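Worksheet for the structure shown next.
The values are calculated or read from the model by the stated rules, or taken from the named source; none is laboratory data. Only a predicted model underlies this, so the values are computations on that prediction, with no experimental measurement involved. Virtual Cβ from ideal backbone geometry, glycine too; neighbours counted across all protein chains shown.
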Amino acid sequence: MDSKIINIMWSISLFLIGIATIILAGANIVSIELPDIIVRVLGVINLISLPVLAFSTVKKAKSKK
């Protein structure tokens, strides 16, 4: 894969994981009860983004060698 595509995949997945974490943690700290569908959608986003982040991180590490 092209290095530019790997960097874009890494950036997008890191951004999505960060946003989902901030929303969930922020709602928990402020004691806001989020609707169940929002929590589930954010969980699915995390589940999809984590393997993409791991894959792109390994590809980035191998390309630096």
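Within segment 1-41, the residues that satisfy the criterion of being out of contact with any Lys or Arg (no Cβ under 8 Å at 6 or more places or on another chain), outside any helix (DSSP H, G or I) and not hydroxyl-bearing (S, T, Y) are D2, I32, E33, L34, P35. Could you check, for segment 42-57, whether at least one of its residues is over 14 Å from the mean Cα position of the chain (by Cα) and either in a helix (DSSP H, G or I) or not charged (D, E, K, R) (or both)? The answer is no, given that none of the residues of segment 42-57 is over 14 Å from the mean Cα position of the chain (by Cα) and either in a helix (DSSP H, G or I) or not charged (D, E, K, R) (or both).
Residue-by-condition table, conditions (1) at pLDDT 95 or above; (2) not hydrophobic (A, V, I, L, M, F, W, C):
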residue	(1), (2)
S11	yes, yes
I17	yes, no
I22	yes, no
E33	no, yes
V44	yes, no
L50	yes, no
A54	yes, no
K59	no, yes
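Only residues that are among the β-branched types (V, I, T) and more than 19 Å from N7 (Cβ to Cβ) were counted in segment 35-65, giving 6. Just need a number here: residues in segment 8-33 that are surrounded by 11 or more Cβ atoms within 10 Å (Cβ to Cβ) and over 19 Å from I45 (Cα atoms). So the count comes out to 0.
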